[in-house]
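The structure appears below as structure tokens.
The values are calculated or read from the model by the stated rules, or taken from the named source; none is laboratory data. Note that this is a predicted model, so its numbers are computed, not measured. Positions of Cβ are generated from backbone atoms using ideal geometry, with glycine treated the same way; all protein chains shown enter the neighbour counts.
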Amino acid sequence: MRILVPLLACLALLTAPPAFAAKKEGVSMPDTVEVAGQKLVLNGLGVREATVFNVNVYVAGLYLPQKVSSSMVILATDQPWRIVLSFVRDVEKDKLVDAWKEGFGHQKGDHTAGLATLNKAMVDMKEKDTMVFTYVPGTGTTVEVKGANKGTIAGADFAKALLGIWLGSHPPNEGLKKGMLGK
């Protein structure tokens with residue numbers, strides 16, 4: 001019995017669910033994720049607010065190899081990253097497509113092909129649905145919608161532009177950007 005109790009305690013620790021580092025608007029995200037064999041840490045959580053009434057749309061979590069509070073540093077570094085969007089309200093496909101078009105309109109370069117691929121992956125999102133973007137240098141940005149892999153969009157330029165929607169000079173709202181930067 002003296003051996004069994006410590007053994008069971010160790011087993012419980014090994015099978016425990018992931019630790020949750022942050023919670024916002026009722027959404028919890030784990031403190032780390034693994035991307036292409038590399039551990040990424042939760043940099044911060046932000047809330048996307050829309051309309052003049054500041055209606056909460058989704059909570060966005062940004063994962064990086066290490067915490068960074070400068071958007072300029074993040075955007076200038078070709079490193080793996082993940083953004084998780086957890087919706088806190090229903091959003092129609094057409095509104096998502098319009099939002100991507102607006103967001104990419106503020107980014108440098110021609111991202112027409114990547115944007116078309118991204119928009120094909122869009123569906124109506126319901127409260128608690130997730131959308132995940134994972135960038136791996138040399139591979140591209142994988143788009144996951146409601147747990148289904150919708151494909152990978154090649155190119156570091158597309159990944160930088162996508163990331164720039166939230167962290168660039170024209171984010172959907174400043175609170176979202178600050179939250180994702182851990183501020």
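Let me confirm something: among 104, 87, which residue is within 13 Å of the chain's Cα centre (by Cα), farther than 21 Å from residue 182 by Cβ and surrounded by 20 or more Cβ atoms within 10 Å (Cβ to Cβ)?
On the way: 104 fails: within 13 Å of the chain's Cα centre (by Cα).
None of the others qualify; the one that does is 87.
Which pairs have Cβ atoms under 8 Å, sit 6 or more apart or on different chains, and link a residue in region 93-120 that is touching a residue at least 40 places away in the same chain (Cβ under 8 Å) to one that is part of a loop (DSSP other than H, G, I, E, B) and polar (S, T, N, Q)?
106/169
Looking at region 40-55, which of its residues are closer than 19 Å to residue 69 by Cβ and free of Cβ contacts under 8 Å to residues at least 40 places away in the same chain? Before you say what the answer is, go through the steps one by one.
Residues of region 40-55 that are closer than 19 Å to residue 69 by Cβ, as a first pass: 40-47.
Listed by number, the residues that qualify are 41, 42.
Tell me the residue from 94, 78 that is in a loop (DSSP other than H, G, I, E, B), of a type in the set (D, E, K, R) and loosely packed, with under 14 Cβ neighbours inside 10 Å, please.
Numbers: 94 fails: in a loop (DSSP other than H, G, I, E, B).
Going through 94, 78 in turn, the sole match is 78.
In this structure, does residue 60 turn out to be at pLDDT below 95, buried (at least 16 other Cβ atoms within 10 Å of the Cβ) and assigned to a strand (DSSP E or B)?
Details: at pLDDT below 95: no; buried (at least 16 other Cβ atoms within 10 Å of the Cβ): yes; assigned to a strand (DSSP E or B): yes.
Taking the combined requirement at face value, the residue does not satisfy it.
Is there any pair with a first residue in region 151-174 that is free of Cβ contacts under 8 Å to residues at least 12 places away in the same chain and a second that is of a type in the set (D, E, K, R) and assigned to a helix (DSSP H, G or I) whose Cβ atoms are under 8 Å apart and which are 6 or more apart or on different chains, and what are they?
As it stands, the answer is 171/177, since those pairs meet every condition given.
Can you pull out every residue in region 107-132 that is loosely packed, with under 14 Cβ neighbours inside 10 Å and over 30 Å from residue 23 (Cα atoms)? Step through it out loud before you land on a result.
The first filter runs over region 107-132 and keeps only residues loosely packed, with under 14 Cβ neighbours inside 10 Å, leaving 108-110, 112-113, 116, 120, 124, 126-128.
If the condition is that a residue be loosely packed, with under 14 Cβ neighbours inside 10 Å and over 30 Å from residue 23 (Cα atoms), then 108, 109, 110, 112, 113, 116, 120 are the ones that fit.
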